[in-house]
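The values are calculated or read from the model by the stated rules, or taken from the named source; none is laboratory data. Nothing here was measured: the structure is a model prediction, and the numbers come from that model. Virtual Cβ from ideal backbone geometry, glycine too; neighbours counted across all protein chains shown.
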Amino acid sequence: MIDFDRAKWRLASLWFAFGGLILTIVFVQTLFDKFGARSDDVWNWLLPTIMPSLTLITGVIVADAQGGQAQRHVRKRYYYFALAISTFYLTLVLSILLLEPLVYAMTGNTMLDLIGQTGVVLGPLQGLASTALGIFFIKKTGDGD
Amino acid sequence: MFSRTIANVCIGLFLAIASVQTASATELTLRLTPAGDGGRNLAAAEVRFPKPGRYLIELASRGFEPFILVYRGNRVVRQSRGSKGAARLTLQIRRGPATLTIVATHAGKASTGRARLRLTPTVQARTVSSRNRLVALATSVQNILQPKTAARPRKPAPGFKQSQAPTLKRAAPKRDYKAAPPKFTPYSLEQRREAERAAPEPRPKAAARRAPSSDNGDGAGSVPIARLETMPPNGQSDGPPGDPVPAAGPNGGGISGSPPIDGAGDQPLPWETPVAGNGASPPSPDADIEPKRKPLLPPFTPWPPPRPSAQLRIPTLFYGALLPSEGSTLGDVADLIEVALGSGGYGSFGYFSVPGGFALATQLEQIEEDGSPVAGSARWNAAITGLQSFDLSGYIRRLFLARVGYYRVIVFILRADPVVTSGETLAEDPQWVLTGASGLPDQMRSLPFEDRHDLTALIYEFEKRDADDMPVFHDPGRLQASDHLAGAQFIGYINRSQEDLDD
């Protein structure tokens, strides 16, 4: 077993660090008009990609802050599974942004092409990451739930 | 506790989903209907673009392969590529407000299905309900999408669409942007002249050609320059109706020029050769009555030339010393231009007749921001170049900034009068080099070059962003024409040759 609050903050830190970095990159790209008239397409891809999980984590943190602070625990396997799948998923999303200039130089594929091509992989992975997070938050013990 | 968490999560999700839907756009649902006999099923919307900027037009349908055409009045200014499920194009409005008609139709088999038209950002749009207007549009669309000509249209380079010529008079050679241009070995004018002197059948002397002659039938007779100068735009004669008009090639411009005009007249033009029959086939009974005329040099279309991004009149003083001291001809000037451009890596040119002279167009090339050509084969590739080699500053620039490709076409016009361009602008690559002749015909080469001839360089510059479908014409251009000519090595070659002469 592992302390739930500590594990929760680690997961939250991971998601907010990666999510913040990804959102910042795309925001700056939008400011510099990198995507032209198609910036909507990029945001329409990005927000559903990371916002649901960020919202889930934020909701749990806010709810916990309003409730009692009883000592709670969660199985390590749930934590590590959520941590691993989240890291893998967020790394993939970030790599799409960071590797795009290199991919274009080699293949001619633009950001929008990459979004379309990686959707098949990222969709199921996102589902997996959300499930892992959900299990992690639900399976905690010791708070009376 | 848990229920409160779930409630917070739901609120968060709602906010996230709501933030996705905040993109401002105008949407219309269109139902394709048949309009007129033989017309195409279509629907149309009149759209008012309130201000200059880029607008994204998307047409989505599940029932058919959607296709978009954008009309300004009765003229097509843009069309989408065929695609499954959705068609899209980006429109650059330079001066607003502008009202255009967007036609939604099917690229494949006929359909009367529904399609959703989405315009980003918001514009004012309403469906066109006028029957007459829809019939006119349907006929026009049918002509565009199913040309009656047997000639097969070329596949355009990625991002550069084929112009909408109403008819194609002759098949143009295939063009491969990705292929490296044919290797061009510059050689000096002296070498060329020596080669011509050594030829077994040298051309008649320029002085002899200057003498007027009424005999044009042998194809090598003299041509009064006055006859050449009275050639109106597009090669039409200013004489009575029915005067000879060379059969025009494909409409070279991205703007819709006049359609090619067929005609047969009495007097062959200087660059026309009467041909009876067609190769080995037996001559037709009418062949000796009214021989067909084969155009040796297609007319430059559209004429007057569209407004360029930059233009420069090149004084004779600049290059005159490189021409033969006596008896210079238009061919000598053409050779000089070709050799100068050849030193800059240009390998193919398109020649056209213009009133009182000729035009020479280079092929579309990709250039750097300073006007110098992009290195390697990417120069002739329409795809925007990516990182050539990894360096951090270049990577960061490519990460955050839009990739922009700059392209240009240079047109040299040599004629007895100054060039006055039209107010029209190009919408896309005119592909002049494909539609022009590969060289000047002898009849035109031999015409004397005189002081009153003006050499003008017109630069047509385009910009393309990788997120956009189509290149955008630069009006006005970012650079001076002299910067372009310096980047093309034209000015450098002339200067070096002058210095060699001085030495």
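Only residues that are among the acidic types (Asp, Glu), touching a helix residue (DSSP H, G or I) at 6+ places or on another chain (Cβ under 9 Å) and assigned to a loop (DSSP other than H, G, I, E, B) were counted across segment B:362-393, and they come to 2. Evaluating B:ALA110 against the criteria (1) surrounded by 14 or more Cβ atoms within 10 Å (Cβ to Cβ); (2) of a type in the set (A, V, I, L, M); (3) not in a strand (DSSP E or B) leaves one unmet condition, (1).
Let's see how each residue does on (1) of a type outside the set (A, V, I, L, M, F, W, C); (2) surrounded by 16 or more Cβ atoms within 10 Å (Cβ to Cβ):
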{"position": "B:SER343", "(1), (2)": "yes, yes"}
{"position": "B:PHE358", "(1), (2)": "no, yes"}
{"position": "B:LEU364", "(1), (2)": "no, yes"}
{"position": "B:ASP370", "(1), (2)": "yes, no"}
{"position": "B:ALA382", "(1), (2)": "no, yes"}
{"position": "B:SER389", "(1), (2)": "yes, no"}
{"position": "B:TYR406", "(1), (2)": "yes, yes"}
{"position": "B:PRO418", "(1), (2)": "yes, no"}
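Would you check which residues across segment A:105-125 are without any contact (Cβ under 8 Å) to a residue 60 or more places away in the chain, within 18 Å of A:ALA37 (Cα to Cα) and not β-branched (Val, Ile, Thr) and list them? Scanning segment A:105-125 gives A:ASN109, A:ASP113, A:LEU114, A:GLY116. Among the residues making up segment B:347-361, those that are of a type in the set (Ser, Thr, Tyr) and either at pLDDT 90 or above or in a strand (DSSP E or B) (or both) are B:TYR351, B:SER353.
From B:ALA115, B:ALA104, B:ALA87, grab the single residue that is without any contact (Cβ under 8 Å) to a residue 40 or more places away in the chain, surrounded by 22 or more Cβ atoms within 10 Å (Cβ to Cβ) and not acidic (Asp, Glu). Result: B:ALA87 is the single residue among B:ALA115, B:ALA104, B:ALA87 that is without any contact (Cβ under 8 Å) to a residue 40 or more places away in the chain, surrounded by 22 or more Cβ atoms within 10 Å (Cβ to Cβ) and not acidic (Asp, Glu).
Each residue in segment A:35-65 was checked for being more than 7 Å from chain B (Cβ to nearest Cβ), of a type in the set (Val, Ile, Thr) and without any contact (Cβ under 8 Å) to a residue 12 or more places away in the chain, and 0 of them qualify.
Cβ-Cβ distances below 7 Å connect the following pairs, each with a first residue in segment A:89-100 that is closer than 14 Å to A:PRO48 by Cα and away from chain B (no Cβ under 12 Å), a second residue that is part of a helix (DSSP H, G or I) and of a type in the set (Ser, Thr, Tyr), and a separation of six or more residues or different chains: A:VAL93/A:THR49.
With respect to being assigned to a loop (DSSP other than H, G, I, E, B) and either within 13 Å of chain A (Cβ to nearest Cβ) or touching a strand residue (DSSP E or B) at 6+ places or on another chain (Cβ under 7 Å) (or both), B:SER422 falls outside the description. Only one of the numbered conditions (1) more than 8 Å from chain B (Cβ to nearest Cβ); (2) in contact with a helix residue (DSSP H, G or I) (Cβ under 6 Å, 6 or more places away or on another chain); (3) modelled with pLDDT under 90; (4) over 16 Å from A:LEU14 (Cβ atoms) is violated by A:THR141, and that is (2).
Of all the residues in segment B:61-77, those that are within 20 Å of the chain's Cα centre (by Cα) and among the hydroxyl-bearing types (Ser, Thr, Tyr) number 1.
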